[in-house]
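Structure record follows, encoded as structure tokens.
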Amino acid sequence: MFDKLFSPKSVAIIGASQKPLSIGNVITKNLLKYEYKGEIYPINPKADEILGIKAYHSILDVPGDVDLAHMSIPAKFTPMAMDECGKKGVKFVIINSAGFKEVGEEGLALENEVVAVAKKYGIRVFGPNCQGIINTDPELKAYCDFTFTYPEEGHISIVAQSGGVGALFMQAIHDLSVGLRFYASNGNACDISIPEILRYYGNDEKTKAIILYAEGFSDPAEFMEAAREVAAKKPVLGMRAGRTEEGAKAATSHTGGLAGGGLSTELIFKKTGILTFRDVEEMCQSAVALSSQPIPKGKRVGLITDTGGPAIIATDELVDAGLEIPELSDTAKATLKEQLLPQASLRNPIDVVATAGAPHYRAALDVLMGEENIDSVYINFVTPSFVDCEAVAKEMAEVSKQQKKPIVCNYMTDKPQWTGTTANMKEGGIPCYDYPEMAAKALAAMTRYNDLRNREIGTVKTFDDVDKSKAESLLAEAKKANRTILNAKEVYEILAAYGIPAAPWKIANSVDEAVAAAEEIGYPVVIKADSESIVHKSDVGGVAVNLTDKAAVESTVNEMTNKFGAKGLKFFIQKFMPGGQEVIVGAKAEPGLGHLVMFGLGGVTVELFKDVSFEITPVSDAEAKQMLSSIKAYRLLSGFRGAKGVDQKKLVEVIQRISQLVMDLPAIQEMDLNPIMAYEDTICVVDARISI
Ligand code: ADP
Ligand code: MG
């Protein structure tokens with residue numbers, strides 16, 4: 001699909017220039033310096049030669065076919081140049097120039113215009129306002145980009161909308177002496193999109209791991225479809241960007257406030273199986289390991305070290321990340337005892353000691369590769385001056401090439417001196433890191449990837465006992481009356497229509513009605529001030545709990561009438577539900593995605609602890625379960641210190657019912673069920689809020 005973009009046999013540079021530091025000059029220079037094997041056609045109306053190559057006054061003068069053309073000319077000339085590319089039969093155009101969508105309305109119009117011209121000729125446009133692509137294939141060496149890092153061949157492919165971030169990734173991997181396969185940074189992404197590039201990488205056999213950076217998705221659904229497809233085939237590593245508080249400021253509900261900005265990117269990644277990082281360095285280091293080593297099948301790490309300290313640091317880091325360091329079997333220990341030096345420690349970590357040579361390392365590696373209860377191998381290798389380190393590295397490389405279990409190495413040396421050793425490590429595809437923490441983090445990420453790949457996706461249940469049209473008509477009524485916040489009656493009727501259990505309730509307009517309602521519901525009861533102007537009722541004294549008799553109901557109604565005024569005030573009388581664990585289930589509309597559903601510890605302290613988890617609709621049964629188990633206070637739900645747990649099954653069901661509810665009723669902007677009282681064998685909502 002994008003073969004001519006990533007593997008062009010000929011490249012024209014419209015705007016190529018003799019002027020040093022101009023983009024057209026840099027791109028031409030990069031193609032030459034990187035030793036591009038195809039034809040280069042500089043295009044410049046005034047030059048006959050640029051950087052020693054024949055230049056053409058127009059692309060129409062070029063004798064051969066042009067697969068790919070760069071445009072580094074002022075934005076306003078690009079539609080005309082695009083027309084010429086069309087006439088020439090160019091397949092792909094990278095518009096490096098800026099001055100389009102990113103500068104506002106006028107730029108957007110120009111961008112639309114240039115895309116329209118391209119469409120007419122069937123040209124696919126990359127950019128504008130972008131860097132370009134790199135293909136490191138030694139047979140081609142296409143450097144169609146104005147960046148400055150010259151990557152060698154490798155198996156990691158990068159796609160980053162932002163050029164600055166893309167270049168940062170490329171440099172970080174280069175600094176680890178590791179190569180790349182493809183690089184693409186597509187800026188405004190007016191035509192060729194991130195999902196399309198992702199799919200292309202997914203189908204490329206030489207790409208073993210993909211690094212992705214996007215600041216937002218013009219079409220989240222399209223992205224999710226592509227991401228799901230590609231992440232099922234190979235590791236895709238993504239960065240969460242734009243983690244701001246802006247979203248929180250605008251929100252009135254708990255769920256809206258806690259969702260914040262940038263969260264949906266992370267949720268999209270999780271739902272589609274993209275491994276998420278919050279740290280550039282860690283992501284690049286993990287990509288290196290994932291691109292050259294097999295995926296660990298589990299959490300159990302076997303360590304080999306020739307020095308004590310770094311192995312302790314590594315062990316701490318691995319255990320912190322949830323990995324395990326199991327004891328070795330007796331057979332394994334017996335073999336090690338036979339083959340290692342007498343001073344060696346046969347526990348895990350295996351300390352082969354500093355004087356260990358190639359056969360000792362090989363023995364330890366073979367034992368760990370054969371050991372049933374070990375899933376991955378971590379090596380601490382400091383290069384002693386009294387050991388033939390090159391030979392050690394050669395053994396390691398040989399074992400690595402068997403690709404039985406993943407190996408990472410904390411390689412501690414003076415690289416300019418130990419060149420032979422370094423070369424052997426590299427030749428074996430062993431990911432080498434300068435620090436124990438780095439190596440441990442990379443191994444932890446690989447293990448996390450295994451968990452992600454094997455995660456239970458579950459099924460999305462459709463409840464057919466719901467009354468959708470009833471809920472729709474309630475929303476329609478509120479909308480007709482220009483109300484954005486539903487009243488208590490409407491909210492609880494919608495919950496009832498979706499089979500969500502709530503404490504028995506009644507609305508009263510007077511003292512007498514309140515007493516009658518309380519008697520019907522049965523004491524003790526709770527009274528809440530029901531008025532559109534009150535958001536958080538308990539903050540203003542609008543909630544009175546545990547009212548045990550008529551006198552208490554009467555005085556509460558009178559007090560609230562005095563406090564809030566009689567105008568528009570109703571009384572929400574509810575059964576008192578003591579002793580439950582308060583949890584929250586909420587939802588918030590998210591443009592392009594449907595809704596986010598939230599679960600967490602509830603009650604009036606929800607913003608204080610922020611112990612919540614999110615999912616994108618539709619929420620499957622497995623995802624709902626995971627929402628419960630991923631909060632920090634999960635043990636309060638599952639049973640803690642003699643206390644019984646709560647009815648998790650019913651909570652999982654409510655999450656799924658809310659997922660269905662907001663998908664059925666897209667007009668809902670935000671909703672909170674807070675709290676839901678959860679007991680050992682039942683749950684019930686005692687407060688709820690819906691805005692449209
Ligand atoms: P708001 O969130 O508007 O302040 P709530 O209706 O959530 O008002 O009430 C605040 C707190 O009062 C709840 O978190 C809960 O602790 C308690 N509460 C409310 N209703 C009940 C009830 N029916 N039974 C027991 N406790 C309740
Ligand atoms: Mg509440």
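Give me the pairs: first residue in segment 511-527 and farther than 21 Å from residue 562 by Cβ, second residue more than 16 Å from ligand 1 (Cβ to nearest atom) and of a type outside the set (Asp, Glu), beta-carbon distance under 8 Å, and six or more apart or on different chains, which are they?
Taking only residues 6 or more apart or on different chains, the pairs are 519/550.
Here are some conditions: (1) in a helix (DSSP H, G or I); (2) within 16 Å of ligand 1 (Cβ to nearest atom); (3) not hydrophobic (A, V, I, L, M, F, W, C). Residue 675 meets all but one. Which one does it not meet?
(1)
It is to be established whether one or more residues within segment 623-632 are surrounded by fewer than 16 Cβ atoms within 10 Å (Cβ to Cβ), in contact (Cβ under 8 Å) with a residue 12 or more places away in the chain and out of contact with any strand residue (DSSP E or B) (no Cβ under 8 Å at 6 or more places or on another chain).
yes
Which helices (runs of 4 or more DSSP H) sit wholly inside segment 452-531 and have at least 1 residues that are within 16 Å of ligand 2 (Cβ to nearest atom)?
It comes to 488-497.
Could you check how many residues of segment 287-316 are small (Gly, Ala, Ser) and modelled with pLDDT under 95?
Residues meeting the conditions: 4.
From the list 491, 460, which residue is in contact (Cβ under 8 Å) with a residue 60 or more places away in the chain, assigned by TED's automatic domain parsing to the domain that holds residue 627, out of contact with any helix residue (DSSP H, G or I) (no Cβ under 8 Å at 6 or more places or on another chain) and on the phi < 0 side of the Ramachandran plot? Don't jump to the end; show me each part of the working.
On the way: 460 fails: out of contact with any helix residue (DSSP H, G or I) (no Cβ under 8 Å at 6 or more places or on another chain).
Of 491, 460, the one residue that is in contact (Cβ under 8 Å) with a residue 60 or more places away in the chain, assigned by TED's automatic domain parsing to the domain that holds residue 627, out of contact with any helix residue (DSSP H, G or I) (no Cβ under 8 Å at 6 or more places or on another chain) and on the phi < 0 side of the Ramachandran plot is 491.
As an exercise: evaluate residue 636 against (1) surrounded by fewer than 21 Cβ atoms within 10 Å (Cβ to Cβ); (2) out of contact with any helix residue (DSSP H, G or I) (no Cβ under 8 Å at 6 or more places or on another chain); (3) assigned to a helix (DSSP H, G or I); (4) modelled with pLDDT of 95 or more and give the number of the one condition it does not meet.
Exception for residue 636: condition (4).
Return yes when residue 610 is farther than 13 Å from residue 651 by Cβ and surrounded by fewer than 18 Cβ atoms within 10 Å (Cβ to Cβ) and no when it is not.
Considered against the rule, which asks whether it is farther than 13 Å from residue 651 by Cβ and surrounded by fewer than 18 Cβ atoms within 10 Å (Cβ to Cβ), residue 610 comes out as yes.
Run down 545, 535, 583 and say which single residue is under 24 Å from residue 605 (Cβ atoms), within 13 Å of ligand 1 (Cβ to nearest atom), outside any strand (DSSP E or B) and β-branched (Val, Ile, Thr). I'd like the intermediate steps shown before the answer.
Details: 545 fails: outside any strand (DSSP E or B); 583 fails: outside any strand (DSSP E or B).
None of the other options fit; the residue is 535.
Conditions first: (1) away from ligand 1 (no atom under 16 Å from the Cβ); (2) hydrophobic (A, V, I, L, M, F, W, C); (3) modelled with pLDDT under 95. Residue 619 passes all but one, so which condition is the exception?
(3)
Please find, among 65, 83, the residue that is charged (D, E, K, R), under 22 Å from residue 10 (Cα atoms) and in contact with a Gly (Cβ under 8 Å, 6 or more places away or on another chain).
65
Kindly evaluate residue 553 against the criterion of being of a type outside the set (Asp, Glu), buried (at least 17 other Cβ atoms within 10 Å of the Cβ), farther than 13 Å from residue 687 by Cα and away from ligand 1 (no atom under 12 Å from the Cβ).
For residue 553, the condition - of a type outside the set (Asp, Glu), buried (at least 17 other Cβ atoms within 10 Å of the Cβ), farther than 13 Å from residue 687 by Cα and away from ligand 1 (no atom under 12 Å from the Cβ) - is met.
Please count how many residues of segment 586-598 are touching a strand residue (DSSP E or B) at 6+ places or on another chain (Cβ under 9 Å) and more than 16 Å from ligand 1 (Cβ to nearest atom).
Matching residues across segment 586-598 total 9.
In the list 640, 609, which residue meets the criterion of being without any contact (Cβ under 8 Å) to a residue 60 or more places away in the chain and under 26 Å from the mean Cα position of the chain (by Cα)?
Numbers: 640 fails: under 26 Å from the mean Cα position of the chain (by Cα).
On inspection, the qualifying residue turns out to be 609.
Go through (1) touching a residue at least 40 places away in the same chain (Cβ under 8 Å); (2) touching a strand residue (DSSP E or B) at 6+ places or on another chain (Cβ under 7 Å) and name the single condition residue 564 misses.
With respect to (1) touching a residue at least 40 places away in the same chain (Cβ under 8 Å); (2) touching a strand residue (DSSP E or B) at 6+ places or on another chain (Cβ under 7 Å), residue 564 is out only on (1).
Criterion first (in the same structural domain as residue 680 (by TED's automatic domain parsing), touching a strand residue (DSSP E or B) at 6+ places or on another chain (Cβ under 8 Å) and farther than 30 Å from residue 457 by Cβ) does residue 603 satisfy it?
yes
Taking residue 52, is it in the same structural domain as residue 82 (by TED's automatic domain parsing), more than 39 Å from the chain's Cα centre (by Cα) and at positive phi?
Numbers: in the same structural domain as residue 82 (by TED's automatic domain parsing): yes; more than 39 Å from the chain's Cα centre (by Cα): yes; at positive phi: yes.
So residue 52 fits the description; yes.
Could you please find all residues in segment 89-104 being in a helix (DSSP H, G or I) and without any contact (Cβ under 8 Å) to a residue 60 or more places away in the chain?
Scanning segment 89-104 gives a single hit, 103.
Could you grab me the full set of residues in segment 171-219 that are hydrophobic (A, V, I, L, M, F, W, C), closer than 19 Å to residue 148 by Cα and part of a loop (DSSP other than H, G, I, E, B)?
Selection gives 176, 178.
Scan segment 135-172 residue by residue and report those that are of a type in the set (A, V, I, L, M), crowded, with 24+ Cβ neighbours inside 10 Å and touching a helix residue (DSSP H, G or I) at 6+ places or on another chain (Cβ under 8 Å).
142, 156, 158, 159, 160
Looking only at segment 661-676, count how many residues are among the aliphatic types (A, V, I, L, M) and buried (at least 22 other Cβ atoms within 10 Å of the Cβ).
Qualifying residue count for the region: 6.
Hey, does segment 49-65 have a residue that's in contact (Cβ under 8 Å) with a residue 60 or more places away in the chain and not in a helix (DSSP H, G or I)?
Scanning segment 49-65 turns up no residue that is in contact (Cβ under 8 Å) with a residue 60 or more places away in the chain and not in a helix (DSSP H, G or I).
In segment 536-547, is there at least one residue being surrounded by fewer than 18 Cβ atoms within 10 Å (Cβ to Cβ) and more than 16 Å from ligand 2 (Cβ to nearest atom)?
yes
So, in segment 589-606, of the ones that are within 16 Å of ligand 2 (Cβ to nearest atom) and in a strand (DSSP E or B), which residue ends up surrounded by the most Cβ atoms within 10 Å (Cβ to Cβ)?
599
Those residues that are small (Gly, Ala, Ser) and either outside any loop (DSSP other than H, G, I, E, B) or over 26 Å from residue 671 (Cα atoms) (or both), I need them from segment 548-580; list them, please.
Result: 551, 552, 555, 565, 566.
I'm told residue 110 meets every condition in (1) surrounded by 18 or more Cβ atoms within 10 Å (Cβ to Cβ); (2) under 19 Å from residue 5 (Cβ atoms) except one. Can you identify the failing condition by its number?
The failed condition is (2).
Only residues that are under 16 Å from residue 493 (Cβ atoms) and within 13 Å of ligand 2 (Cβ to nearest atom): list them for segment 654-685, please.
Answer for segment 654-685, where residues must be under 16 Å from residue 493 (Cβ atoms) and within 13 Å of ligand 2 (Cβ to nearest atom): 671, 673, 685.
The values are calculated or read from the model by the stated rules, or taken from the named source; none is laboratory data. Just so it is clear, the structure is predicted and the values come from calculations on it, not from any experiment. Reconstructed Cβ throughout: ideal geometry from the backbone, glycine too, with neighbour counts over all protein chains shown.
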